[in-house]
Each structure stands twice: as structure tokens, then as C-alpha cells.
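The block underneath contains the structure these notes are about, expressed in C-alpha cells.
The values are calculated or read from the model by the stated rules, or taken from the named source; none is laboratory data. No experiment lies behind these values; they were computed from the predicted model shown. Because the Cβ atoms are built from the backbone with ideal geometry, glycine has one as well, and the counts that use them run over all protein chains shown.
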Amino acid sequence: MRANIIVDDELWKKFTIRVIEKEGYRKRNAVISQLIEEYLRRNH
């Protein structure tokens, strides 16, 4: 399943650059999924 979200352009750019620097380009979706899962665990 795919979902679309709206994120501020500048915030997305900063996030993308940081993820690519630390994890590599192909890991971006995995990082986003992990952040969502962590949020759900903390806010059950």
C-alpha cells in the first residue's frame, strides 16, 4: 500500500539530505517507516 503525505519542502529537503548522508539513498523509506513505527509504539 502506498500513501501520500504533505511535508514542508524545506523540512523534507533537510530530512532527505540527513538520511542520505547517514544511511544512503535507498534507506529513506525504511527510515520513514521506522520513525512511524516508533511514534506508534510511544503513543499507543
Filtering the range 7-23 down to residues that are in a loop (DSSP other than H, G, I, E, B) and either among the aliphatic types (A, V, I, L, M) or surrounded by 10 or more Cβ atoms within 10 Å (Cβ to Cβ) (or both) yields 7
Under 7 Å between Cβ atoms, which residue pairs at least 6 apart in sequence (or on different chains) link something in the range 1-27 that is in contact (Cβ under 8 Å) with a residue 12 or more places away in the chain with a partner that is assigned to a helix (DSSP H, G or I)?
16/28; 19/27; 19/28; 19/31
So which of 26, 2 is of a type in the set (D, E, K, R), assigned to a helix (DSSP H, G or I) and either surrounded by fewer than 10 Cβ atoms within 10 Å (Cβ to Cβ) or at pLDDT below 95 (or both)?
26
Would the range 10-19 turn up any residue that is on the phi > 0 side of the Ramachandran plot and under 13 Å from the mean Cα position of the chain (by Cα)?
no
